[in-house]
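The block underneath contains the structure these notes are about, expressed in structure tokens.
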Amino acid sequence: MNAINPQVHGIFDPATWTVTYVVYEKEGGPCAIIDSVLDYDPKSGRTRTGSADKVIAFVREKELRVEWILETHAHADHITAAPYLKQELGGRTAIGDHITTVQKVFKGIFNLEQAFTTDGRQFDHLMKDDEQFAIGNLTGRVMYVPGHTPACVAYQIGDAVFVGDTLFMPDVGTARCDFPGGDAKNLYRSIGKILSLPPETRLFMCHDYPPDSRAVKFESTVAEQRRANIHVHDGISEEQFVEMRTKRDATLEMPVLILPSVQVNIRAGEMPPKDENGVAYLKIPVNAL
Ligand SMILES: [Fe+2]
């Protein structure tokens with residue numbers, strides 16, 4: 001890895017508790033956008049771009065050139081704004097190459113059209129484990145970190161790691177592992193990979209669900225997580241973690257937007273093909289999830 005460390009700007013979406021990151025070396029240079037949000041109102045089925053427009057405004061203010069529009073995984077709690085950002089700002093979309101596994105599983109669950117291919121071609125690029133990529137002078141590296149989903153990746157860019165849904169802030173803990181293809185044992189091992197990085201490594205969460213006692217925060221360090229993460233601080237064994245995670249996941253409701261989100265996100269954020277009346281429809285599988 002080269003030694004250049006990025007500037008990181010996080011934009012928090014209070015509707016989905018998601019943080020979108022803009023990562024860049026300097027104003028006027030190239031950047032990457034990680035985990036964007038397309039606003040979606042499940043009551044009306046209407047999308048809006050307020051959250052993504054904040055990202056666009058920042059990119060324009062800093063005169064950044066978008067090289068990458070990255071996803072850490074196919075999110076189950078919000079729809080990605082990747083196609084809208086690409087249309088407005090340019091850049092190439094990418095996700096971890098195990099997305100094909102997720103596409104196969106959900107093509108079945110949603111009984112998607114034959115023409116929906118499960119080879120990941122909806123994305124401009126599929127990132128392999130340990131693959132390196134450039135954002136101008138910055139070097140990124142892909143870390144395959146399955147567990148929350150079988151396709152999760154984290155992006156290490158300089159001294160910063162965008163951890164996706166692995167770790168949350170230390171007082172919140174870790175991501176759930178009970179979606180199709182999730183696995184608590186894998187999540188423990190993936191988190192172990194992240195927490196074996198140098199202690200001063202900056203970690204950026206994909207979400208924050210702050211307790212009432214504090215404001216939203218989404219930056220931590222390896223040292224802080226190893227010392228204080230309520231689920232995986234140093235000394236917690238794999239067995240202890242899996243038992244805690246499994247018990248806890250059994251108590252969690254499905255995210256409100258899981259059904260719309262997943263079927264759009266496995267299409268890299270495109271809506272399904274329109275019906276003959278010109279309207280795109282999302283499906284709700286009854287008693288299947
Ligand atoms: Fe997620």
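Restricting attention to region 56-80, the residues that are within 16 Å of the ligand (Cβ to nearest atom) and out of contact with any Gly (no Cβ under 7 Å at 6 or more places or on another chain) add up to 7. Taking ALA184 as the residue in question, decide whether it is away from the ligand (no atom under 14 Å from the Cβ), touching a Cys at 6+ places or on another chain (Cβ under 7 Å) and touching a residue at least 24 places away in the same chain (Cβ under 8 Å). Yes.
The residues on offer are VAL163, VAL142, and the sole one that is away from the ligand (no atom under 16 Å from the Cβ), touching a residue at least 40 places away in the same chain (Cβ under 8 Å), buried (at least 18 other Cβ atoms within 10 Å of the Cβ) and assigned to a strand (DSSP E or B) is VAL142.
Restricting attention to region 82-93, does a residue exist that is part of a helix (DSSP H, G or I), in contact with a strand residue (DSSP E or B) (Cβ under 9 Å, 6 or more places away or on another chain), within 16 Å of the ligand (Cβ to nearest atom) and at pLDDT 95 or above? Taking every residue of region 82-93 in turn, at least one turns out to be part of a helix (DSSP H, G or I), in contact with a strand residue (DSSP E or B) (Cβ under 9 Å, 6 or more places away or on another chain), within 16 Å of the ligand (Cβ to nearest atom) and at pLDDT 95 or above. Within region 88-104, track down each residue that is touching a residue at least 60 places away in the same chain (Cβ under 8 Å) and closer than 14 Å to CYS152 by Cβ. Hits for region 88-104 are ILE95, ILE99, THR101, VAL102.
Test GLN156 against the criterion of being free of Cβ contacts under 8 Å to residues at least 24 places away in the same chain and more than 16 Å from the ligand (Cβ to nearest atom), and give yes or no. Taking the combined requirement at face value, the residue does not satisfy it.
Counting only residues that are under 17 Å from the mean Cα position of the chain (by Cα) and of a type in the set (A, V, I, L, M), which one in region 181-205 is nearest to VAL232 (Cα to Cα)? The extreme case among them is ILE191. If you go through region 192-242 and keep only what is acidic (Asp, Glu) and surrounded by fewer than 18 Cβ atoms within 10 Å (Cβ to Cβ), you end up with GLU200, ASP212, GLU219, GLU224, ASP234, GLU238, GLU239. When LEU70, LEU64, LEU38 are screened for being on the phi < 0 side of the Ramachandran plot, more than 19 Å from the chain's Cα centre (by Cα) and buried (at least 16 other Cβ atoms within 10 Å of the Cβ), only LEU64 passes.
The values are calculated or read from the model by the stated rules, or taken from the named source; none is laboratory data. From a predicted model like this one, the values you see are computed outputs, not experimental measurements. Every residue, glycine as well, gets a Cβ built from its backbone with ideal geometry; the counts of neighbours run over all protein chains shown.
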